[in-house]
Amino acid sequence: MRNQIICGDTLEEMKKLPDESVDLIFADPPYWMRVEGVLKRVNGNDYDGCDDAWDNQFTSLEDYEKFTFAWLTECKRLLKKDGSLWVIGGMQCIYLIGYALQKLGFWFINDVVWSKRNPTPNFKGTRLNNAHETLIWAVKNKTARFHFNYKTAKELNTDTVSFSDFSDGVRKQLGSVWRLSVCQGEERLKDDSGNKLHSAQKPEELLYRIIAINSQIGDLVFDPFGGSMTTAAVAKRLGRDYLCIEMNPVYCKYGQARVAAVQPENTKIARADFDQKPPRVTFNEMIEAGYFREGEPLYYHHTPYLYLTAEGKGIKADGSVTDIHSAIGKIKKNDGTRLNGWDFWEVVRNDSFVPIKEIRAKYIKDKKIV
Ligand SMILES: C[S@@+](CC[C@H](N)C(=O)[O-])C[C@H]1O[C@@H](n2cnc3c(N)ncnc32)[C@H](O)[C@@H]1O
């Protein structure tokens, strides 16, 4: 069963799904926030937070614990042996969920702090502003060979790389603190009366990161608590299949329409091109085969900086020898950062500048190297 929104109780509906059938699970369960009374903004207006019946359906901690163990047990059954599970929660629930995951034998890969750029203020000023949520990334056991698009994750890292460095081609490992805004503006679903549809709609950017780095095109992404169907919408956008369960028919209806409107994107991120390693070939063999010439200049922004050696290194004007990655790092950053030289250098062919990456691709294709 694929690309469907199932409207029903998750514990009952999950039981109908086959063992080891999903590649990635994202779960955003009721947090059981135990909100009481009406929260007031500083100006005296009511704050429209999460006091929904679905979040307050539990009678005790034991009741919530039983529910948590029940849905996580089903998730473990549904997950393929090398699949990944992500659960998001706030302080009210994430510790119990973490405990349950470990009791059920899951193996933790990371916990991620979603640091909110625009958190709800603590209106009364009586405690710290609660500005983050926690996600746990876990797999079925220690030996699971889970999918991880490492380089794609680097492309999505705008947390620790400045905008100008990113534009300059600097990439850094994606860390476990993600600075993202809460869902707002156009993205926020409204009902027919123009009111906020769902109090806990997650930002698409959050799901985009998880699905892009942790799955491949065609994989099945499962969400046992679909809500406004953020998971399904982003899965479809990234060319993955989806399956979501949600008990509230109103959310299901609006979620169906949301997902139907999504056009899959065919981007490098969706395809994880950055993680498709080209076959390893050396400059030497390409020089020998006539694709590059010993001594020919390598250009950056149409300026020759290096001259190719027979060993595939670059000689600078001062006669020192360097490699193409350090050399471009020096030109662009001059702080010891190495950049991927294949992304920057060009040579001249038939009076035009051609990226060396294209010549390498042609060599690989011509020689049928796999
Ligand atoms: C935190 S919200 C999920 C929000 C979602 N991630 C989004 O971006 O819109 C949890 C959802 O779980 C649903 N839910 C709670 N208990 C459920 C159950 N037993 N079966 C199915 N859905 C349930 C609620 O109706 C609610 O929409």
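None of the figures in this text is laboratory data; all of them are computed from the coordinates on show. Bear in mind that the values here come from a model prediction, so they are computed numbers and not experimental data. For neighbour counting, all protein chains shown are included, and Cβ atoms are generated from backbone atoms with ideal geometry for every residue, glycine included.
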Lysines whose Cα lies under 27 Å from that of LYS124, excluding same-chain neighbours fewer than 8 positions away: LYS40, LYS116, LYS196, LYS202
Semi-axis lengths (Å, descending) of the ellipsoid that matches the C-alpha gyration tensor of the stretch 112-255: 26, 23, 16
For the stretch 283-366: rounded, prolate or oblate by the Cα gyration tensor [a/c cutoff 1.5]: prolate
Net lengthening on full extension, ASP318/ASN129 (0.36 nm per residue, minus Cα-Cα): 62.4 nm
Gyration tensor (alpha-carbon) shape descriptor, the stretch 188-265, a/c threshold 1.5: prolate
Mean separation of Cα contacts under 8 Å, 6 or more apart, over the residue count of the chain: relative contact order %: 16 percent
Dipole in debye (nearest 20) - the chain, about Cα centre, beta carbon charges: Lys, Arg +1; Asp, Glu -1: 740 debye
Between the stretch 67-144 and the stretch 266-323, the Cα center-to-center distance that results, in Å: 44 Å
Antiparallel content of DSSP bridges confined to the stretch 107-259, in %, to 5: 55 percent
Whether the chain is rounded, prolate or oblate, judged on the alpha carbon gyration tensor where a/c under 1.5 counts as rounded: prolate
Qualifying GluC sites (Glu not before Pro) for the stretch 272-370 [loop in DSSP, other Cβ within 10 Å: at most 13]: GLU311
Estimated 222 nm signal from helices in the chain, with DSSP H stretches of n ≥ 4 weighted -39500 (n - 2.57), rounded to 500: -8000 deg cm²/dmol
Unit charges at the beta carbon, dipole of the chain: most positive-side option, LEU197, SER320, PHE26: SER320
DSSP beta bridge pairing in the chain, given as percent antiparallel to the nearest 5: 60 percent
The chain: most fluctuating residue of GLY290, GLY83, GLY255 per GNM, C-alpha cutoff 10 Å: GLY290
Those lysines that a straight Cα-Cα span of less than 21 Å connects to LYS76, excepting residues fewer than 8 apart in one chain: LYS15, LYS16, LYS66, LYS103, LYS140, LYS142
Integer Hz, Karplus 6.51/-1.76/1.60 couplings in order for the stretch 25-32, x for Gly and Pro: 10, 10, 10, 10, x, x, 7, 6
Net dipole in debye of the stretch 106-261 [+1 Lys, Arg Cβ; -1 Asp, Glu Cβ; about Cα centre; nearest 20]: 300 debye
Spatially proximal aspartates and glutamates relative to LYS332 (Cα-Cα < 17 Å; intrachain offsets below 8 disregarded): ASP165, ASP168, ASP323, ASP343, GLU346
